[in-house]
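One structure is given here, and the rest of the page talks about it.
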Amino acid sequence: MKVLLLYPLYPTTFWSFKYALKFISKKATLPPLGLITISAMLPDHWDKKLIDLNVTKLNSSDLIWADMVFISAMSIQRESVEQIIKECKKYDKKIVAGGPLFTQCYDDFPMIDYLILNEAEITLPSFLRDIKNGNPQHIYQTSEFPGISQTPIPDYKLLSLKKYSTLSIQYSRGCPFSCDFCEIPFLLGHKVRTKRTPQILAELELIHSLNWRGQIFIVDDNFIGNKRKLKIGLLPELIRWMKEKKYPFEFITETSIDLADDEELMDLMKSAGFNSVFIGIETPEEKSLEECKKIQNRNRDLLQSIRRINNKGIQVSAGFIVGFDSDTASIFQRQIDFIQQSGIITAMVSLLNAPKNTKLYKRLHAENRILSSFSGNNTDFNTNIIPKMSFQDLQAGYGKIIREIYSIKPFYQRIRFHLKNCKGGFPKPVKISASNIKAFFESVFIMGFINKGRFEFWKLFVWSMLRGPIYLTNAIIFAIYGYHFRKVYELASQQTFSKSHN
């Protein structure tokens, strides 16, 4: 059997880092971890080829070669998925599909031959058995959540590593919390299921043997969902392994805000090489936190919690939402003020959306307030719900937040705040190489001589240079982030304006 593992294209979004990646000559931020995990579950004697459309093109010869095409996708990749399906049908290829998009919306894809839904540890073996026996079914799904202590090491050897800025691994699935706008309870459940420590170390050993050095994203939706296992299991062994290997990696992950309450856990994470976490802050408004059942964020000083994490040398990136039913016109300035006071550099602000199968979706559907399917794009000035606030006011307020937090001056103020207060919570200085030197001078040329905000850029440049190479290096990196974010929001704003006038 010849299998083509095909990963759809991401549009230009906040997390694509498209405009930032150009400076370092990378094609994509992250590889398709789901597909290379599936590859490791397929029979060893099958021939497998991976094509990630974010880093390479699909040729007709690839489809002609394949007996079967495997696709995994998220909601935001839907447009690319539809194009892939058309191409596969031209060549009469059987399509096998799984992942969040298909698990959520499988009824939208009757043209897919075989749908392997939910988690593959349960549904894929049944499909493989039926394929072998010559009687495969159309849909394989389950309501169970499997243990992942036997999940194989992903097929990292299929990747063109040099085309990615970050590699990824997974330690756990599931989240103990139940935010009503979140898909995770439906997709992965509340019980936190983890890999064994030897599994994670074996994955890291393989990645290390492939000569990867640098950033690794642990893609868990809440890495600290089971704190006890981390403290007595993974983290002490990871600290030992990192020391033995002379600290080849830097880790980033997602956690809940209650990380700030556990000094021991923060210390262990920092010692293991974690320098950044993404946290769903959502809103400083208590009524809105209550509305969306974000219990872990309620009744706490959110700014102080962020500072505690920063003070351990761990950078906080965060998500924010406007458009809750309890939001009033004052929320927009409150969000701006909070973000500036927090010093959060990477602040993803979104309009409230309701993904299918969430509690929010079910409630708003019952109230006839669902407009369309969820696009998966958190930064496109649109929503799939009818908000309580007028949509025009909501969209205008959202635009105000974006303009103010990503304008040059306030953004560079946050960079300085972070570099002064995070106590080492930023990447190590990049290695001196021809490509990195080129990236440095190109970024300085674009932001210091061509783009608007040149005066503010040079202020940041001089301020950080006087404090040392690591400050200057990371000031430039964060300035590039800002360059990307402004480009993304400008594009989203233009597309919104264009649609509204058509």
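What follows draws every value from the coordinates through simple rules; no lab data is involved. Given the structure is predicted, the values throughout are model-derived calculations rather than measurements. For neighbour counting, all protein chains shown are included, and Cβ atoms are generated from backbone atoms with ideal geometry for every residue, glycine included.
Of CYS292, TYR489, LEU210, whose Cα points farthest to the positive end of the dipole of the chain (charges on the beta-carbon: +1 Lys, Arg; -1 Asp, Glu; origin at the Cα centre)?
After comparing all options, I get LEU210.
Treating cross-link reach as a plain straight distance, find the aspartates and glutamates whose alpha-carbon is under 20 Å from the alpha-carbon of LYS22, omitting any fewer than eight places away in the same chain.
Here the aspartates and glutamates satisfying the reach criterion relative to LYS22 are ASP52, GLU442, GLU490.
Sequence-distant or interchain residues sharing an amide H contact under 5 Å with PHE251, placed H: which?
Answer set, sorted by chain and number: ILE216, PHE274, ASN275.
If you average the sequence gap of Cα pairs under 8 Å that are 6 or more apart and divide by the length of the chain, what percent do you get for the contact order?
Values: 842 pairs, mean separation 65.5, N = 502.
Relative contact order comes out at 13 percent.
Assuming a ≥ b ≥ c are the square roots of the Cα gyration tensor eigenvalues, decide whether the stretch 372-419 counts as rounded (a/c under 1.5), prolate (otherwise, with a/b larger than b/c) or oblate.
prolate
Going toward the positive end of the dipole of the chain, with +1 on Lys and Arg Cβ and -1 on Asp and Glu Cβ, which of ASN368, ASN384, SER39 do you reach last?
So the residue we want is SER39.
Based on DSSP H runs of at least 4 residues, each adding -39500 (n - 2.57), what is the mean residue ellipticity at 222 nm of the chain after dividing by all its residues, to the nearest 500 deg cm²/dmol?
-13000 deg cm²/dmol
Compute the Cα gyration tensor for the stretch 36-163, then decide on rounded, prolate or oblate, letting a ≥ b ≥ c be the square roots of its eigenvalues: rounded whenever a/c is under 1.5, prolate when a/b is larger than b/c in the other cases, and oblate in all that remain.
Values: a/c = 1.33, a/b = 1.15, b/c = 1.16.
Judged from the Cα gyration tensor, the stretch 36-163 comes out rounded (a/c under 1.5).
Just the number, please: percent antiparallel of the DSSP beta bridges in the stretch 166-421, rounded to the nearest 5.
Details: 3 of 27 bridges.
Looking only at bridges with both residues in the stretch 166-421, the antiparallel portion is about 10 percent.
Using Cα-Cα distances under 8 Å and only pairs 6 or more residues apart, what relative contact order does the stretch 2-140 have, in percent?
Averaging sequence separation for qualifying contacts and normalising by length gives 24 percent for the stretch 2-140.
Find me the longest stretch of the chain that has none of the exposed GluC sites (Glu not before Pro), where exposed means in a DSSP loop (not H, G, I, E or B) with at most 14 other Cβ atoms within 10 Å.
Formally, the longest exposed-site-free interval is 145-366.
Pairs LYS312/LYS359; LYS18/LYS312; LYS195/LYS362; LYS270/LYS420; LYS89/LYS132: which exceed 28 Å Cα-Cα? Intermediate results must be reported in sequence, preceding the final value.
Values: LYS312/LYS359 35 Å; LYS18/LYS312 30 Å; LYS195/LYS362 32 Å; LYS270/LYS420 18 Å; LYS89/LYS132 23 Å.
Where the Cα-Cα span goes over 28 Å, the pairs concerned are LYS312/LYS359; LYS18/LYS312; LYS195/LYS362.
In nm, what is the difference between 0.36 nm times the number of residues separating SER373 and TRP46 and their Cα-Cα distance?
Between SER373 and TRP46, full extension yields 114.1 nm more.
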